[in-house]
Structures are given as structure tokens and as C-alpha cells.
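Asker: Next up is a structure, given as C-alpha cells.
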């Protein structure tokens, strides 16, 4: 039975909004590849409260680049720009303050949408000459804390 561990949060999506994928046709010459990732989420998220539930429209974009250093210059082996849209909601009968609902939905949005986009990259790379590549997981709470630090530096 599933008593107590299923989340009360509902999700619509994530749905792929955009994928730009470019894999270099040449196989890497070395085992040393450099990865960089940029994650973007809206900074103006608005929690809606209607029809007995809180809803948070959510989107995320990742820009992932895999490079290789060859004879002193960096060559791009893979670049992926992918975004997803959707929303998260929870019944207002959950009985917690609205600001806590907002933070919980945001945290779950980062976790779910990043995992979704990460899997899309894995699917796309698995069908490329490079072979399957898995982007490293993130800590959603640390990601959100980093955003707060950018807005309100100490």
C-alpha cells in the first residue's frame, strides 16, 4: 500500500517547449570532456489560488555544453538548449501557509523539471554518435538558495 509517502502535489507536464540539439559528428579524441550547464527558471513566479487549490505555473530551461580541449583550443562536442513548461498544484485544504506552499511547489518544480530535462538530454544523446550522456543531478534546495543569494547578496 501507498500510505503516507505519496505527495499531495499534482503536476501538469512537464511538456517539452523547445529542444535545440547539436552533436559534433567526430568522436571525442580523449576521455577528458568539460561540461557546463546553465539552468534558468523564471524569477517572477506567481502562485495562483482559485477553485480550492494553489497552482504554480512553472518553466525551466537548461543550456548544456560539452567541450573537449584539442591542441590548445576548445571544441564543442555537444550543445543542448532545452526547455519545459507546466504547472504544479496542491489543494488549499493542505492547511499550510501560502508562502510555504509557494516554496514547496517551487522546490518540487525545480526537482521534477530538471529531472525531466535531464532525461530528455539522455534520450537525445543516446541516439547520437557521442553515445548516451547523463547530466549530473543537482540539489534543488541549493539551486534555489543560490538564486536567493544572487538577488540578495549578504
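Asker: Name, by its number, the condition in (1) within 18 Å of the chain's Cα centre (by Cα); (2) at positive phi that does not hold for residue 61.
Answerer: Answer for residue 61: the failing condition is (2).
Asker: So residue 133 ticks every box in (1) out of contact with any strand residue (DSSP E or B) (no Cβ under 6 Å at 6 or more places or on another chain); (2) over 15 Å from residue 57 (Cα atoms); (3) buried (at least 19 other Cβ atoms within 10 Å of the Cβ); (4) at pLDDT 95 or above but one. Which box is left unticked?
Answerer: All conditions pass for residue 133, except number (4).
Asker: For residue 39, only one of the following conditions fails: (1) more than 27 Å from residue 99 (Cα to Cα); (2) part of a strand (DSSP E or B). What is its number?
Answerer: Failing condition for residue 39: (1).
Asker: Further question on the same structure: Consider residue 118 carefully, then state whether it is closer than 17 Å to residue 21 by Cβ and touching a helix residue (DSSP H, G or I) at 6+ places or on another chain (Cβ under 6 Å).
Answerer: Here the answer is no, as residue 118 does not meet what is asked.
Asker: Taking the stated definitions as given, is residue 12 assigned to a loop (DSSP other than H, G, I, E, B), touching a strand residue (DSSP E or B) at 6+ places or on another chain (Cβ under 9 Å) and in contact (Cβ under 8 Å) with a residue 24 or more places away in the chain? Break it down stepwise before answering.
Answerer: Numbers: assigned to a loop (DSSP other than H, G, I, E, B): no; touching a strand residue (DSSP E or B) at 6+ places or on another chain (Cβ under 9 Å): yes; in contact (Cβ under 8 Å) with a residue 24 or more places away in the chain: yes.
So residue 12 does not fit the description; no.
Asker: Then there is this: Mind listing just one residue for me: the one in segment 28-44 that is at pLDDT 95 or above and in contact with a helix residue (DSSP H, G or I) (Cβ under 9 Å, 6 or more places away or on another chain) and, of those, farthest from residue 125 (Cα to Cα)?
Answerer: 41
The values are calculated or read from the model by the stated rules, or taken from the named source; none is laboratory data. Since this is a predicted model, take the numbers as computed values, not measurements. We place every Cβ from the backbone using ideal geometry, glycine too, and count neighbours over all the protein chains shown.
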